[in-house]
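Rule-based calculations on the coordinates, nothing more; no lab input. Computed from a predicted structure; not experimentally measured. Backbone-built Cβ (ideal geometry, glycine too); neighbour counts: all protein chains shown.
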Amino acid sequence: MRSGLQGGPYTIGFGMSWFKRENGDYEAEPGPENGGTDASGKTVRTEGLWIKCPGCRQPIFRPDLEANQSVCPKCQHHFKLGARERVELLLEPGYELVDMGLRSTDPLNFTDVKAYKQRLRKAQEDTGLNDAIVNAVGQLGPHAVVVSAMEYGFIGGSMGAVVGETIARAVDRARLGRKPLIVVATSGGARMMEGVASLMQMAKISTALAQLDEARVPYICVLTDPTTGGVTASFAMLGDLNIAEPGALIGFAGPRVIEQTIRQKLPEGFQRSEFLLEKGFLDAVVHRRDLKRYLIRALEFLRA
């Protein structure tokens, strides 16, 4: 019986050999411990209980990762969170989800290797959402707020007409109710399947945010990994306070595209949140465990 980590394929306790799957999980070889039967004839499954950290490359017991707000306890790599998880992380129990009924109409009847309608159905089945956004109203500590959280698992968090309209409604709700707005951004950019209709959302949301600013209602944007393209080029960088999680990729074009265009090697850490903070593009980089407390204090300052 071997335990501990060894080179190559990992061997982790109880003599079970583990190997890397493409999705980053670890799966045990077939046997009594992981899908066969034990001495009593009961089936025991361990598939999906371990996940490989892309930061330190070490396996993490999934329940330990979830208990640590999906942050690696070894290297502090911040795993992606879903939109509903973001809302639960920030708001007190009893919050209300709003503006959840909008669906894309596929205005261009777009097809590439798959029909856009198929992509939408698959994303809706996988995430349980109508599109890549969740709006909520509730309490962040003592503050009544409006939260709009993007869902990267829905076609890469891309911004189409539904995302744009939903965020614009969150902005209007914050302005009319005089409640601070918090947007949690994660996106690959504008949704190409909706063409110019997706690009129009940049101006639409930015105009609504200008009205929010005129009403002197605070707006904070939390940028997470990744936040790119038209989202970065519009509302994600327009907050009264722009903060990011550690190690988040933030930019317009990706680093590979930039390197191919300028034919130069980019600096170490280029477009990561720490690099942007150093260059003055962000106000703060905040660890996930400190995010809620930081936002509460920031709102106390902004509303003073």
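Side notes on the structure shown:
- Annotation: amide H-H contacts under 5 Å for Leu282 (H modelled 1.01 Å from N, sequence separation of 5 or more, or interchain): Leu277.
- Among 185-192, 90-97, the order from most to least packed when residues are scored by Cβ within 10 Å on average: 185-192, 90-97
- DSSP-assigned coil residues among trypsin sites (Lys or Arg not before Pro) in the stretch 257-299, each with at most 16 further Cβ atoms within 10 Å: Arg263, Lys265, Lys279
- Label-point separation, Glu125 to Gln264 (7 Å along Cα→Cβ), nm: 4.8
- Cα gyration tensor, the stretch 166-225 - rounded (a/c under 1.5), prolate or oblate: oblate
- Karplus 3J(HN,Hα) series, Hz, for the stretch 109-121 with 6.51 cos²θ - 1.76 cosθ + 1.60 (x for Gly, Pro): 6, 7, 9, 10, 6, 9, 6, 4, 4, 5, 4, 4, 4
- Here the Karplus curve 6.51 cos²θ - 1.76 cosθ + 1.60, taken at θ = phi - 60°, turns the phi angles of the stretch 82-89 into couplings of x, 4, 5, 5, 4, 4, 5, 5 Hz, with x standing for Gly and Pro.
- Ordering of 194-202, 174-182 by packing is 174-182, 194-202, highest average first (other Cβ atoms within 10 Å, averaged per residue).
- Whether the stretch 83-302 is rounded, prolate or oblate, judged on the alpha carbon gyration tensor where a/c under 1.5 counts as rounded: oblate
- Stokes-Einstein, applied to the Kirkwood radius of the stretch 240-301 over Cα pairs at a viscosity of 1.567 mPa s and 4 °C, places its translational diffusion at 100 µm² s⁻¹.
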